[in-house]
Amino acid sequence: MGEDQLGDRERAIMTDPTTYLSHLELSEPDKTFLDSNELIINMGPQHPATHGVLRVILKLDGEKVLGTECVIGYLHRGVEKIAEHRTYTMFNPYVDRMDYVAAVSNGLGYCEAVEKLMNIEAPPRAKYIRVILTELNRLASHQLWLGTHALDIGAMTPLFYTFRDREEILKIFEKYCGARLTTHAFRIGGCQYETYEGFEDDVKKFLDFVPPKIDEYEELLTTNRIWLERTRGVGKISAADCKALGVTGPVLRASGVKWDIRKALPYANYSEYDFEIPIGQNGDTYDRYLVRMEEMRQSLRIIRQAVERIPEGPIMAKVPKVIKPPVGEVYHSIEAPKGELGYFVVSDGSTQPYRVRVRPPSFVNLQALDIMVRGQLVADVIAVIGTLDIVLGEVDR
Amino acid sequence: MLDYITSYLGMNTTPGQAGNIFWAVVYIMIVFGGVSVAVMAMNWLERKALAHFQIRLGPMRVGPHGLLQPIADALKLFTKEDIIPSEADKLVFWIAPLIILCASFTVYIVIPFGPTHAVTDLNIGILFMLGVSSLSVLGVVMAGWASNSHYPLIGSLRSSAQMISYEVAMGMAVVSAILMTSLNKEGTGTLSMIGIVQAQQQQQIWFLFKFFPLGFIAFVIFAIAMVAETNRAPFDLPEAESELTAGFHTEYSGLRWSLFMLGEYAAMIAVSSIAVTLWLGGWLRPFPNTLTGDTWDLVFSLFPGFTFLALALVAFVGVVRMPKHPYFRIQTIGLAGFGAVLGLIGLILFIPPVRDRIQDIFWFVAKVAVFMYLYIWYRATFPRYRFDQLMKVGWKVLLPIAIGVLILTAILGVLL
């Protein structure tokens, strides 16, 4: 292609590779600002409601959204590439930095994937500890989602209530492994730390503490007229669209598909617990809200069963000092708070993975944004970004 | 000259009626200063109350319990660099905050804090208030346009649409209250703010309870519309932080931004004053007609003094509960001094001449304060409406009800 054949777009990118030009085009670009009724605006990457550094380019007709384009990569740290230069053990803490509000789930997925590759099985006690911590983390993640989602829609107060209660979970994490956010709680083959003295009491105390608090959040929002108007029928997505786009997690379940990896392809020891998978019917923001609220309660049920049954025993399986999986590849997925979190690990027989590919739920779910907001209003874009529950650390990796 | 100044003191009217410019200017100064202080107090109160709704402490560092925080904020804003975006329309950008400020302060001319405590009493008082306060739309549009940026533009368009739509329902509610003023022997109503309160006194009822529930519904409509009119939660979408960063004043900073805030809070107090005047009996003390006699007069006239003594008591409780650590010594002394000042004011308010003069103002301010608290409460509780829903509420719900109430009030007024 000669220089003269380049369009404006290509020319601009060639002169300054850092520019990003939108694919969205105004229908009548020649008209002046006053005559035109279409507008292209940037939402983000510095914007209070895009949950980090997401940039959404919006094409607006007045307040109506005609098209969106997500620009990602502002938080790209090359986590997958880093994996190729670290040993399996050394890479473990890196996965915590992807979805940093659900670090325990990330760690669980990675450890189980490598265990599957090496044919190791974690001992029962380790599995119970893993389930307790993962479910606590799911609760913390949902609480953070609820607070920020409500804040985006304009209700300030739930944010502080959810953070107050999330604090109790973080305290348990801190007592267990010393870290609050990027926990690095699990090791390949089990858990490194035995539970601290009083761990079970703390968890049980938490189980009694939190249900009234969840009722409190619901009291503020579930039947609130304005909340209903802002969420009902907003950001609808059908089950077929969800499947086509690979959307998973609460977003998929709110569209009426009963798909939860904990039940469908049980990992850890989830098959031993008795719990429900809440599903919605309409696939709108309100249903996703209800599904997540119910998931919090179901998580509590799982934790209660796990704490009651937790056996004594070793917490680490017999794992070689140097982790050197046989040549091969494995895909292992778990149900992270935001959806299906998958790890595809390829081993060439050395101490370092040949390739680690992560299937992040936030990244895949973010694709649905365009379908969900097209034809709706600017305010709905905010509501939908909130309801998708994305974490940019995981989208960009 | 001295005669000119002292001649007003004997009169029983507002300075405007008496044609005394000196006292009119003095009153204007007092009102301007008083409102500015009220805005500062409101700022502190909002942050504190909102914080306590949200299990936080709010400002605690500057002064005891953050009492000096508004002053610190003001100083910070005054000393900030004055930024005008290079692409902005500089003149309009410069004028916009001034228009909002002027519009929201000018209305205070007719607000009656008592039968004589107003700068003047226009015979079209309420129309003047509604007219002037709606001028602030102009400032909003100018600010959004002059910033030459997308977010402020969308914010100002939303804001102007919202303020204009809600003014209609608001006006209808106001008219139904004005109709009630004509229910006397002569059948003559009034638009004068002082006249409206006096009509409530004559009819021996707050218009809130007149033709129950008609007066009440009109009041509720006004109370909703006034929140929308002042762009506060849950109708704060012109400055919806999560969507439009800060709406029409996104590009403003420092002093100019603080003028917007000053204007916004002054407007909140102004519309609350209208509501108090029209429906809650303005400066009238509770039960002015049933609980009469010297004893009751005395009891009610002691309220202002006791209120300040109670505030002083709160301050002293704060002093006792202050941590006993050298770090907090200055704050403790400051809080004790603040309590002492409040107590002193309380004692001064017990002196009979002061007591009689200050009563009306006290009841008026107390009623307005209830509205101010409601504003904070709404903000802590409600999510934000979406633009189309807001319009729907304004045009399809509030306006028809307001018109219905107006017609029913008119019919009842003719029949009775």
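Bear in mind these aren't lab numbers, they're just calculated from the coordinates by the rules spelled out. It should be emphasised that the depicted structure is a prediction, and the values quoted were computed from it without experimental measurement. Cβ sites come from the backbone with ideal geometry, for glycine too, and all protein chains shown count toward neighbours.
If you take the Cα Rg of chain B and divide it by 2.2 N^0.38 Å, with N the number of residues, what do you get?
On the way: Rg = 22.5 Å, N = 416, 2.2 N^0.38 = 21.8 Å.
It is 1.04.
When only DSSP loop residues count, what GluC sites (Glu not before Pro) in the stretch A:308-397 have their Cβ near at most 13 other Cβ atoms within 10 Å?
Working: sites: A:E308, A:E312, A:E329, A:E335, A:E340, A:E394; in loops: A:E312.
Filter output for the stretch A:308-397: A:E312.
Can you give the helix-only mean residue ellipticity at 222 nm for chain B, where every DSSP H stretch with n ≥ 4 adds -39500 (n - 2.57) and the sum goes over all residues, rounded to the nearest 500 deg cm²/dmol?
-22000 deg cm²/dmol
Show me, bin by bin at 5 Å from 0, the whole-percent P(r) of the stretch B:179-336 based on Cα pairs.
Pair shares across the bins are 2, 7, 11, 11, 11, 11, 13, 13, 11, 6, 3, 1, 0, 0.
Sort A:H149, B:H325 so the one with the fewest other Cβ atoms within 10 Å of its own Cβ comes first.
Details: A:H149 29, B:H325 8.
The fewest-first ordering by Cβ neighbours comes to B:H325, A:H149.
Give the order of B:S133, B:S160, A:S141, A:S238 when sorted by the count of other beta carbons within 10 angstrom, beginning with the fewest.
Details: B:S133 24, B:S160 17, A:S141 27, A:S238 13.
Going from sparsest to densest Cβ surroundings: A:S238, B:S160, B:S133, A:S141.
Along the principal axes of its C-alpha atoms, what lengths does the protein assembly as shown span, in descending order and rounded to whole Å?
106, 73, 56
Kindly write out, for the stretch A:39-45 in residue order, the coupling ³J(HN,Hα) from the Karplus curve 6.51 cos²θ - 1.76 cosθ + 1.60 (θ = phi - 60°), rounded to whole Hz, with x marking Gly and Pro.
Running phi through 6.51 cos²θ - 1.76 cosθ + 1.60 with θ = phi - 60° gives 9, 10, 10, 9, 10, x, x Hz.
With an 8 Å Cα cut-off and a minimum separation of 6 or more residues, compute the relative contact order for the stretch A:79-396 in percent.
The normalised contact order for the stretch A:79-396 reaches 28 percent.
For the stretch A:52-97, which GluC sites (Glu not before Pro) pass both filters: DSSP loop (anything but H, G, I, E, B) and at most 15 other C-beta atoms within 10 Å? Before the final figure, lay out each step's value.
Details: sites: A:E63, A:E69, A:E80, A:E84; in loops: A:E63, A:E84.
For GluC sites (Glu not before Pro) across the stretch A:52-97 that sit outside H, G, I, E and B with at most 15 neighbouring Cβ atoms in 10 Å, the list reads A:E84.
Taking neighbour Cβ counts within 10 Å as the exposure measure, how do A:I302, B:I126 sort from fewest upward? Walk me through the numbers before you get to the answer.
Numbers: A:I302 21, B:I126 24.
Ascending Cβ contact count within 10 Å gives the list A:I302, B:I126.
For A:373-380, what's the mean count of beta carbons from other chains sitting within 10 Å of each residue's beta carbon?
Working: counts 0, 0, 0, 2, 5, 8, 13, 2.
For peptide A:373-380, the averaged partner shielding equals 4.
Mind ordering B:110-116, B:182-188, A:347-353 by average Cβ neighbours within 10 Å, highest first?
By packing density, highest mean first, the sequence is B:110-116, A:347-353, B:182-188.
Running Debye on the stretch B:89-162 with equal point scatterers at the Cα sites and no solvent, what base-10 log of I(q)/I(0) appears at q = 0.19, 0.20 Å⁻¹?
Log10 of I(q)/I(0), two decimals: -0.75, -0.79.
I'd like the trypsin sites (Lys or Arg not before Pro) in the stretch B:19-73 restricted to DSSP loop residues with at most 12 other Cβ atoms within 10 Å, sorted by number. Write out the running numbers ahead of the final one.
Details: sites: B:R47, B:K48, B:R56, B:R61; in loops: B:R56, B:R61.
Those satisfying the criteria are B:R61.
Using a Cα-Cα cut-off of under 23 Å, which lysines could be cross-linked to B:K396, ignoring same-chain neighbours fewer than 8 residues away?
A:K64
To the nearest whole number, what is the average tally of beta carbon atoms from other chains within 10 Å of the beta carbons of peptide A:142-152? Please report the intermediate quantities before stating the final value.
Numbers: counts 0, 0, 0, 0, 0, 0, 1, 0, 1, 3, 6.
Mean shielding by partner chains, rounded to a whole number: 1.
Taking every residue in B:147-154, how many Cβ atoms of other protein chains lie within 10 Å of its Cβ, on average? Kindly include the intermediate steps, with their values, before the conclusion.
Values: counts 0, 1, 1, 7, 4, 0, 3, 6.
The shielding value for this peptide is 3.
Checking understanding here: applying a Kyte-Doolittle mean of at least -1.0 and a length along the axis of at least 27 Å (C-alpha), which whole DSSP H helices in chain A pass?
A:124-153, A:157-177, A:199-221, A:285-309
Set the bar at 18 Å for Cα to Cα. Now go through A:K171/A:K204; A:K127/A:K318; B:K48/B:K80; B:K48/B:K324 and name every pair that lies beyond it.
Values: A:K171/A:K204 14 Å; A:K127/A:K318 15 Å; B:K48/B:K80 25 Å; B:K48/B:K324 23 Å.
Too far apart for the 18 Å limit: B:K48/B:K80; B:K48/B:K324.
Taking only the alpha-carbon atoms of the stretch B:144-254, what semi-axes of the equivalent ellipsoid follow from 5 times the gyration tensor eigenvalues under a square root, in whole Å, largest first?
Values: eigenvalues 298, 34, 22 Å².
Gyration-tensor ellipsoid for the stretch B:144-254: 39, 13, 10 Å.
How much of the pair distance distribution for the stretch B:33-145 lies past 25 Å, counting alpha-carbon pairs only, in percent?
Details: 2925 of 6328 pairs.
Percentage above 25 Å: 46.
List the residues whose amide H sits under 5 Å from the amide H of A:R359, counting only those 5 or more places along or on another chain, with H placed 1.01 Å from N in the peptide plane.
A:G342, A:Y343, A:F344
Quick one: what does P(r) look like for the stretch A:133-177 with 5 Å bins over all Cα pairs, in whole %?
Final binned percentages: 6, 25, 28, 19, 12, 7, 2, 0.
Whole percent per 20 Å bin, from 0 to the bin with the longest distance: what is P(r) over all C-alpha pairs of the stretch A:79-396?
Values per bin, smallest distances first: 34, 57, 9.
Rounded to whole Hz and in sequence order, give me ³J(HN,Hα) for the stretch B:371-384 from the Karplus expression 6.51 cos²θ - 1.76 cosθ + 1.60, θ = phi - 60°, writing x for Gly and Pro.
5, 4, 5, 4, 4, 5, 4, 4, 4, 6, 9, 9, x, 9
On average, how much area does the Cα convex hull of the stretch B:305-382 cover when viewed from any direction, in nm²? Spell out each step's value before the answer.
On the way: hull surface 26.6 nm².
The directionally averaged projection comes out at 6.7 nm².
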